[in-house]
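**Student:** Below: one structure in structure tokens.
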Amino acid sequence: MNSSKYIILGGGMVAGYAAKELVKQGLGPGELTIISADDALPYERPPLSKGFLAGKDKEADILINAQEWYAQQKIGINLKTLVQDVDLKKRSLRTSSGESFGFENLLIATGARARKLDSPGNDLHNVFYLRSLDDSRNIRDNAASARRAAVIGGGFIGMEVASVLAQKDIETTLIVREDRVWSRVFTPTMSKFFEQYYASRGVRILKEETVVRLEGKERVNAVALSSGTQVTCDMVIAGVGAAPVTEIFANTGLEIENGIVVNEYLETNQPGVFAAGDVASYYDKIFNKRRRVEHWDNAVSQGQHWASVVRGDRQAFVHVPYFFSDIFDLSYELWGDLQGATETVVRGDANSPSFSVWWLNGDQLIAAFVMNRPDEERQLAPEWIKSKRHLSRESLADQNRPLSEVK
């Protein structure tokens, strides 16, 4: 049996950033092993729907750490390795090839997998989902010869992919089940702005539509919708959500509910066993609720935090949820949790590419969206959310008052 002080199960962003932090804190040679079913070293995920998908980034550009770095730090890397049995009492993992790994501390970072379309024809060629480097590579390669694409899903993945494809001069249709794009997050005014922005760049948006079936003999050539509309296409990309990868832990004694349940230290109900990233259901001490987050910033922060905890700095994970997106020539950021908002305040012009939206629960700031605004808005938004800052709605809405003077 191969034994390590630390094993990270999963080779995504959590693993890459946890490894970096462990090294910074004095990791010894041979103390860390990373076991990954992926065939690539840990890499950044955001470029998969942005720069890498667009062809601007190469595979080497998105690696978190170079291959030589792992060798220099004497970190064991096991790629294309599928763990099929987990025994937490014996503190061991067994792979499909029969190899066993023992550990003192285990970090579960198995991530999430894309949800599949539940409609006839979903097994046709040229139907894609986007979670991995392979997925992004396949979409990019097929887009090189595509003339028409259908993107299913009005959330951030669908919007980012539609943006990239449209910029490749592909006739792109965005199919949205709801009555507006990203209705779970955007206000109606925000959705209206982005819908107009996309339409002005050639993206056709079909709202309040559900997929009845995907048509074609071997390859998809059309999407049939509930309204009777048919969208002719050479490829389909579906962004309809993701589910945490927890099946292997079903009979291990771990508490599983919408992911693997962890406490404020990212530790499970089994001592020495932790979870982080997309798979972890953690208690958010800022908003006093349990949540599972599928975003880049959460994976980075939780990987780093775990490394600090197991190296002796046992502090609670306290972090403002954060998300960013790049679409066409726009970049925006979002902090906090919109649930429970009683009103919103807009600064700037919501009909232009420069505005911010501030969600209040009473007089307490709980979330903020910032796009092309003064730097102080980006800097103050997460600080105010974390500190549970109380604000005057009238002061916040005063366009002539710098944010630093809002009280």
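**Student:** Which order do the peptides 300-308, 37-45, 284-292 come out in when sorted by mean C-beta neighbours inside 10 angstrom, highest first? Can you show the working numbers first?
**Tutor:** Numbers: 300-308: 24.2, 37-45: 20.8, 284-292: 14.6.
Answer by packing, highest mean first, reads 300-308, 37-45, 284-292.
**Student:** Can you tell me the length gained on complete extension of the stretch Asn2 to Arg378, counting 0.36 nm per residue apart and subtracting the Cα distance? Please report the intermediate quantities before stating the final value.
**Tutor:** Details: separation 376, 0.36 × 376 = 135.36 nm, distance 4.63 nm.
Here the segment from Asn2 to Arg378 would lengthen by 130.7 nm.
**Student:** Roughly what % of DSSP beta bridges within the chain run antiparallel, to the nearest 5? Working shown, then result.
**Tutor:** On the way: 48 of 83 bridges.
Looking only at bridges with both residues in the chain, the antiparallel portion is about 60 percent.
**Student:** Using amide H atoms built 1.01 Å from N in the peptide plane, name the residues 5+ places from Leu107, or on other chains, whose amide H lies under 5 Å from its own.
**Tutor:** Hits under the 5 Å cutoff: Ile7, Ile8, Leu9, Phe274.
**Student:** If you don't mind, another one. Would you list, by chain and number, the lysines whose Cα falls below 26 Å from the Cα of Lys192, excluding same-chain residues fewer than 8 positions away?
**Tutor:** Within reach: Lys50, Lys168, Lys207.
**Student:** In terms of Cα to Cα distance under 19 Å, which aspartates and glutamates are near enough to Lys80, apart from those fewer than 8 places away along the same chain?
**Tutor:** Here the aspartates and glutamates satisfying the reach criterion relative to Lys80 are Asp38, Asp39, Glu44, Glu59, Glu68, Glu99, Asp134, Asp135, Glu247.
**Student:** From the cross-link list Lys289/Lys388; Lys5/Lys89; Lys20/Lys285, which pairs have alpha carbons spaced over 22 Å apart?
**Tutor:** Numbers: Lys289/Lys388 15 Å; Lys5/Lys89 16 Å; Lys20/Lys285 26 Å.
From the list (Lys289/Lys388; Lys5/Lys89; Lys20/Lys285), the Cα-Cα distance tops 22 Å for Lys20/Lys285.
**Student:** Please compute the Cα-Cα pair-distance distribution of the chain with 20 Å bins starting at 0, giving whole percents from short to long.
**Tutor:** The calculated distribution, bin by bin, is 25, 54, 21, 0.
**Student:** Taking every DSSP beta bridge that has both residues in segment 116-238, what percent is antiparallel when rounded to the nearest 5?
**Tutor:** Working: 7 of 23 bridges.
Of all bridge pairs located within segment 116-238, approximately 30 percent are antiparallel.
**Student:** Follow-up. Taking amide H atoms as placed 1.01 Å from N in the peptide plane, list the residues 5 or more away in sequence, or in a different chain, whose amide H sits under 5 Å from that of Ser354.
**Tutor:** So Ser354 has HN proximity to Asp349.
**Student:** Could I ask something else about it? Rank the residues Lys388, Lys207 as a footprinting-exposure proxy: fewest other Cβ atoms within 10 Å of their Cβ go first.
**Tutor:** Lys388, Lys207
**Student:** Hey, how many Å between the Cα centroid of segment 314-351 and the Cα centroid of segment 8-84?
**Tutor:** 28 Å
**Student:** Could you grab the relative contact order for the chain? Cα pairs under 8 Å, six or more apart, rounded to a whole percent.
**Tutor:** Reported relative contact order: 14 percent.
Taken together, the values in this text are just the output of simple stated rules run on the coordinates, not laboratory data. Remember, it's a predicted structure, so these values are computed and weren't measured experimentally. Positions of Cβ are generated from backbone atoms using ideal geometry, with glycine treated the same way; all protein chains shown enter the neighbour counts.
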